[in-house]
1. What is the residue count in segment 312-327 for residues that are free of Cβ contacts under 8 Å to residues at least 12 places away in the same chain and farther than 15 Å from Leu283 by Cα?
2. When only residues in segment 14-27 that are within 17 Å of the chain's Cα centre (by Cα) and farther than 16 Å from Asp177 by Cβ count, which is least open to solvent (accessible area, probe 1.4 Å)?
3. Is at least one residue of segment 68-90 free of Cβ contacts under 8 Å to residues at least 60 places away in the same chain, of a type in the set (A, V, I, L, M) and within 21 Å of Ile27 (Cβ to Cβ)?
4. Criterion first (in a helix (DSSP H, G or I), open to solvent by 30 Å² or more (accessible area, probe 1.4 Å) and either of a type in the set (Gly, Ala, Ser) or closer than 30 Å to Asp37 by Cα (or both)) does Arg197 satisfy it?
5. Please indicate, with yes or no, whether at least one residue in segment 69-85 is exposed (fewer than 13 other Cβ atoms within 10 Å of the Cβ) and over 24 Å from Val166 (Cβ atoms).
6. State yes or no: is Glu247 open to solvent by 60 Å² or more (accessible area, probe 1.4 Å) and either modelled with pLDDT of 95 or more or assigned to a helix (DSSP H, G or I) (or both)?
7. Which of the following residues is of a type outside the set (Lys, Arg), at pLDDT 95 or above and closer than 25 Å to Ala173 by Cβ: Thr79, Thr119, Thr112?
8. Would it be correct to say that Ala174 is without any contact (Cβ under 8 Å) to a residue 60 or more places away in the chain, aliphatic (A, V, I, L, M), closer than 30 Å to Leu283 by Cα and crowded, with 17+ Cβ neighbours inside 10 Å?
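The values are calculated or read from the model by the stated rules, or taken from the named source; none is laboratory data. Just so it is clear, the model here is predicted, and its values are computed rather than measured. Note: ideal-geometry Cβ built from the backbone for every residue, glycine included; neighbour counts use all protein chains shown. Each accessible area value is taken on the protein alone, full model and side chains, heavy atoms only, with ligands, DNA and RNA left out. Shrake-Rupley method; radii C 1.70, N 1.55, O 1.52, S 1.80 Å.
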Amino acid sequence: MSVGQEFRPHRVVVLALDGLLPFELGIPHRIFGRPRDAEGRHLYEVVTCSARPPGPVETDADFTVHVPHGPEALETADTVIVPASYELGPVYEEGRLTEELAAALGRVRPGTRLAAICTGGYVLAAAGLLDGRPATTHWADAERFQRMFPRVKVDADVLFIDDGDVLTSAGVAAGIDLCLHIVRRDHGTAVANDVARRTVVPPHRDGGQAQYIHRPVPDPQLATTTGARAWALGRLHEPIQLRDMAEQEAMSVRTFTRRFREETGISPGQWLTQQRVERARHLLESTGLSVDQVARDAGFGTAQSMRQHLQQALGVTPTAYRRTFRTAVGGSGERYGEVGSRG
């Protein structure tokens with residue numbers, strides 16, 4: 001925020017539609033309602049609105065919610081989020097918007113960031129906002145989504161996709177990952193990690209992580225890779241070979257790799273790179289270490305290697321990232337688009 005510029009929190013407007021899932025409706029309020037700047041001011045203002053005048057909105061549970069704002073709230077949004085709904089009617093059945101919903105979305109200002117959780121993506125797709133773009137939705141609905149909207153580049157194997165000004169996520173808990181990612185993109189890892197700790201969820205699951213892991217809860221009778229991951233996190237600054245991690249669990253490399261994928265949805269190499277990128281982000285934000293030192297401490301070895309990995313993961317150089325986020329929390333900084341950020 002420039003000197004003398006009046007502080008204004010980023011306004012997130014959540015569009016509540018009949019048949020909404022209460023859990024997913026609550027995600028934006030929980031995640032965006034937490035971040036504050038160094039002076040204790042909320043970085044986001046979260047408002048819930050309906051596509052019709054204020055009043056009750058049906059949920060998929062045995063209760064309704066009273067939504068205090070009508071579609072006019074969409075005109076004031078910096079970010080619009082559409083959670084999942086089980087009663088989208090012609091949006092879901094025919095791929096077209098109702099007149100009411102089309103009129104509501106018509107109030108959104110050009111340039112407003114748009115995000116959808118789970119089947120909320122149907123709304124963006126029916127409005128033509130996902131044409132030619134990569135997008136995701138709940139894995140169980142992805143095939144139907146692709147048939148309904150052939151111009152959308154559906155990827156059913158990721159938790160969320162950041163395509164700059166339009167973001168989509170898989171179902172349920174992936175909505176938390178998406179919202180934390182937005183906070184991280186806006187204000188850096190320190191702010192996002194604090195929100196994650198207060199929400200008691202993992203601070204970061206990369207968007208490219210698989211949605212559906214065939215064995216999400218490892219058999220307690222079988223060895224796991226948890227110890228190896230903890231071991232690696234304690235020495236990210238050192239060279240770590242796959243065989244070194246496998247030895248921590250007394251497994252062959254082949255068995256370890258298979259078990260690792262079953263438990264995390266990604267390969268050991270991908271996981272190590274993600275952890276090193278997160279470590280580099282933290283050091284760039286919170287320390288005055290040189291870029292060369294950050295590269296060594298994060299395990300990239302050289303500044304050039306770290307630059308390549310950050311450019312691929314975040315779309316920015318280490319210097320640009322530090323310039324954006326190593327300021328007092330609450331500075332607006334420059335926004336960068338992590339186009340197709342899928343690990």
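1. Selection size over segment 312-327: 1.
2. Applying the filter and picking the extreme gives Val14.
3. Here is the first cut: in segment 68-90, the ones free of Cβ contacts under 8 Å to residues at least 60 places away in the same chain are 68-72, 75, 89-90.
Applying the additional criterion that residues be of a type in the set (A, V, I, L, M) yields none.
Taking every residue of segment 68-90 in turn, none turns out to be free of Cβ contacts under 8 Å to residues at least 60 places away in the same chain, of a type in the set (A, V, I, L, M) and within 21 Å of Ile27 (Cβ to Cβ).
4. Working: in a helix (DSSP H, G or I): yes; open to solvent by 30 Å² or more (accessible area, probe 1.4 Å): yes; either of a type in the set (Gly, Ala, Ser) or closer than 30 Å to Asp37 by Cα (or both): yes.
It is true that Arg197 is in a helix (DSSP H, G or I), open to solvent by 30 Å² or more (accessible area, probe 1.4 Å) and either of a type in the set (Gly, Ala, Ser) or closer than 30 Å to Asp37 by Cα (or both).
5. no
6. yes
7. That would be Thr79, the only listed residue that is of a type outside the set (Lys, Arg), at pLDDT 95 or above and closer than 25 Å to Ala173 by Cβ.
8. When the stated conditions are applied, Ala174 passes them.
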